Amino acid sequence: MATALQPVTPEQQNPVAGITIVHNILKWLTSNWKMTTGTCILVFFILMAIFGPLLAHMSPTAFSNDLFQPPSAAHWLGTTSKGEDIFAQLVYGARISLLVGFIAAIGSTILQILFGLLSGYFGGLVDNILSFVINVFLILPGLPLGIAIASFAPNNIKGPILITILLTFTSWSYGARVLRAQTLSMRSRDFVESARSSGEWPLRIIFFEILPNIISVVASSFVGTFVYTIGADVAFEFLGLGNVSQSTWGTMLFWAQSQQAMLAGGWWWFIPPGVCVSLLCAGLAFLNNGIDEVANPRLRVESKRKLARRKKEVVA
Amino acid sequence: MNNFMDHEQQPVLEAVHLHKEFPINQMKLGSRSASVHAVEDTTLALYPGRATALVGESGSGKTTVARMLARVYDPTSGEIRFRGNDVNYKKRGAALRDYRRHIQLVFQDPFSSLNPVHNVRYHLSRPLRVFGHAKNEREVTEQVIELLNKVSLTPAEQFITKYPHQLSGGQRQRVAIARALAARPEVVLADEPVSMLDVSIRLDILNLMERLKIEERLAFLFITHDIASARYFAEDILVMYAGQMVEGGLSDDVIQAPKHPYTQLLLSVAPDPQRVEQVMNEGANDAVPARGEIPSLIRPPQGCRFHPRCPHAMAICKEKVPGRTEVAPGHWTNCFLYDQSEADRKPASFIQADAIHNAKALQKEEAK
Ligand SMILES: Nc1ncnc2c1ncn2[C@@H]1O[C@H](COP(=O)(O)OP(=O)(O)O)[C@@H](O)[C@H]1O
Ligand code: SF4
Ligand SMILES: [Mg+2]
């Protein structure tokens, strides 16, 4: 059974069902140490994006007279060569970077579900057409294509929205293939066939019988896509394809590079956004691995104690 | 229970000369496409309030017959008649849904036929909604409770919120039966409904189905590999071997005077039918009768498919497919031993007396 999200067991007529659900999600998110680590890192950045700007006492785009200063009490992470506060840029930037990555990953996951499940379930002509589209997007080199489009785009449409759209359309095809394969194997399962033979509507079978049973694969695919969209978003902006007057982790790196912070020894300028991106991606990768492990027990490295116990059971 | 009066009724569902071949993909270039000849020339009729048992060992094509009748897939050739009308296989969508409203399938394995993420109420509510039997949530709840009572899952209010993993095998199978009933069908195709269950509860499920058969006047197709439970539950028995029907008739006739050597073999290893209840409680013989197993259905034996295992095989058996011979009113078999038109047959009297004896002796020999 590929269910990581075990059916929530409602203790008979639970008056506070909402709490049970939250409790179950939390329990699931901490199923193993990888997921716990990943969740903690993700939560840290979400809190940083929400509450960080409250701590920043400067606008991220406001200039000051402290030009290119290393970290100090006044500017916790130092300033840029124009005197902007790097801490403010970092926490405001977290908002845009997370939001762009998240929205693109959501859009991409919706496409993955639609293409993967519909083509896997219906087969035949529907599958031929949808699979063709999936394959076209699969062989399109996403990142270079995105760079090409973004560099030809006029400056006034460059920015988070364009990048979100590009990221969505260049990131869904692989996940769609994975979900298609999962759906194919679900299609002939007994409970799907019995739903079908009791007259159930096809779309209802796809979204109510099959989807809940592969939700952990969807979750893992979503997190994997999120890693890609965060990383690719920063890459696009670093290359100057974003709105460079807005402060995000990618544009911070863009400016640090174009102002030659590295040569001038301004480590405080490029290290914070670099660490944030790497740490967030690592956290998401942990989460992804952890989900895979829960969803696919064969990947689970069993602790020696458990193995020993199982051996005993076999002997007994 | 068994009277010919029932036969005067119109059958509600009929299968006429059904064939099913499953093409198998051979990756080798140039090789001729092969297929599994899963079901060959199957004809049967189901009557309201009457159960027909389809008996045969595993791999003989019983499930394939049930799934064709449920229209999970279409026959390669042959007709399915519902209330006397030929089913048009090309019509799907609404027509297929309408067909399924009347013909419901109960799967063999209750551990895989219920969706682990849905509770009992959801499982039973869907057919009620799809077929328009319940218009709102209140009607759904009422009818779900009624269904649970019908299959003796009481107190129903407790079972309604349970998930499959909280139920025992027997309880799950009751839910599966209730789901089949939710559509308000006329025909229930039960594919080995008790074979995956603990022996101690098999009889309960059989008794439940017996009650439903009478109360709801359901036409039952009862698939089993255990001839003892077939006799216990069904009025008619059809014996199937390697995709072919080999014998059929009233249960008592087939059990008391089995004609086909395969039926005789099945009975020789089955426990005394008088002790069915005891057997049901102790566990039926799941073992396959002796002397080999079902032949390959990709290249099945020529002639009578049973000939490699038949103690009475004759020259003609390897060449020709035996036709259907009526051995008594309503009791037929496909075997050259009874085919008067075949010259080189053996005297039938020899068979009836000795066949069971022979089969039993053979069984003992192999047991050594
Ligand atoms: N979908 C399928 N594709 C290929 N072969 C099949 C398929 N379904 C059943 N068969 C084959 O048809 C034969 C009969 O199977 P089945 O109807 O399941 O028998 P039973 O239910 O009596 O055990 C078996 O040899 C089986 O391998
Ligand atoms: S036809 Fe021949 S091989 Fe087949 S069961 Fe009868 S005697 Fe045996
Ligand atoms: Mg079967």
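The values are calculated or read from the model by the stated rules, or taken from the named source; none is laboratory data. Worth saying up front: this structure is predicted, and the values here are computed from it rather than measured. FYI the Cβ positions are ideal-geometry reconstructions off the backbone, even for glycines, and counts take in every protein chain you see. Just so you know, the surface numbers come from the protein's heavy atoms only, side chains and all, with ligands and any DNA or RNA stripped out. Shrake-Rupley method; radii C 1.70, N 1.55, O 1.52, S 1.80 Å.
For segment B:199-236, filtering for residues that are small (Gly, Ala, Ser) and part of a loop (DSSP other than H, G, I, E, B) leaves 1. Apart from one condition, B:Met196 fits all of (1) part of a helix (DSSP H, G or I); (2) within 16 Å of ligand 3 (Cβ to nearest atom); (3) open to solvent by 30 Å² or more (accessible area, probe 1.4 Å); the exception is (1). Counting only residues that are away from ligand 1 (no atom under 16 Å from the Cβ) and among the polar types (S, T, N, Q), segment B:245-263 holds 2 of them. Every listed requirement among (1) at pLDDT 95 or above; (2) within 16 Å of ligand 3 (Cβ to nearest atom) is met by B:Glu14 save one, (2). Among the residues that make up segment A:167-183, is at least one of them of a type outside the set (Gly, Ala, Ser), within 12 Å of chain B (Cβ to nearest Cβ) and touching a Phe, Trp or Tyr at 6+ places or on another chain (Cβ under 9 Å)? Looking for residues that are of a type outside the set (Gly, Ala, Ser), within 12 Å of chain B (Cβ to nearest Cβ) and touching a Phe, Trp or Tyr at 6+ places or on another chain (Cβ under 9 Å), one finds none in segment A:167-183, hence no.
Being within 11 Å of ligand 1 (Cβ to nearest atom) and in contact with a strand residue (DSSP E or B) (Cβ under 9 Å, 6 or more places away or on another chain) holds for only one residue in B:Val16, B:Val12, B:Val87, B:Val72, and it is B:Val72.
Residues in segment A:86-99 that are over 13 Å from A:Pro273 (Cβ atoms) and either modelled with pLDDT under 90 or hydroxyl-bearing (Ser, Thr, Tyr) (or both): 0 in all. Looking across segment B:284-300 at every residue that is more than 24 Å from B:Ala228 (Cα to Cα) and either surrounded by fewer than 16 Cβ atoms within 10 Å (Cβ to Cβ) or at pLDDT 90 or above (or both), the one that is farthest from ligand 3 (Cβ to nearest atom) is identified as B:Arg299. For segment A:206-222, the condition of being surrounded by fewer than 17 Cβ atoms within 10 Å (Cβ to Cβ), away from chain B (no Cβ under 14 Å) and not in a loop (DSSP other than H, G, I, E, B) holds for none of the residues. When you scan segment B:50-68, how many residues do you find that are in a loop (DSSP other than H, G, I, E, B) and either aliphatic (A, V, I, L, M) or in contact with a helix residue (DSSP H, G or I) (Cβ under 6 Å, 6 or more places away or on another chain) (or both)? Within segment B:50-68, residues that are in a loop (DSSP other than H, G, I, E, B) and either aliphatic (A, V, I, L, M) or in contact with a helix residue (DSSP H, G or I) (Cβ under 6 Å, 6 or more places away or on another chain) (or both) number 2. Which count do you get for residues in segment B:107-139 that are within 8 Å of chain A (Cβ to nearest Cβ) and of a type in the set (Asp, Glu)? Within segment B:107-139, residues that are within 8 Å of chain A (Cβ to nearest Cβ) and of a type in the set (Asp, Glu) number 1.
In segment A:115-145, of all residues being within 18 Å of A:Gly224 (Cβ to Cβ) and touching a residue at least 40 places away in the same chain (Cβ under 8 Å), the one that is surrounded by the fewest Cβ atoms within 10 Å (Cβ to Cβ) corresponds to A:Leu143. Checking the stated criteria, A:Ser194 turns out to be open to solvent by less than 10 Å² (accessible area, probe 1.4 Å), of a type in the set (S, T, N, Q) and within 10 Å of chain B (Cβ to nearest Cβ). Restricting the search to segment B:130-176, which residues are of a type in the set (Phe, Trp, Tyr) and touching a helix residue (DSSP H, G or I) at 6+ places or on another chain (Cβ under 6 Å)? Once the filter is applied, which keeps residues that are of a type in the set (Phe, Trp, Tyr) and touching a helix residue (DSSP H, G or I) at 6+ places or on another chain (Cβ under 6 Å), segment B:130-176 yields B:Phe131, B:Phe159.
Taking first residues from segment B:45-70 that are away from every other protein chain (no Cβ under 14 Å) and partners that are within 9 Å of ligand 3 (Cβ to nearest atom) and at pLDDT 95 or above, the Cβ contacts under 7 Å between residues at least 6 apart in sequence or on separate chains come to B:Leu54/B:Lys62; B:Leu54/B:Ile223; B:Gly56/B:Lys62; B:Lys62/B:Ile223.
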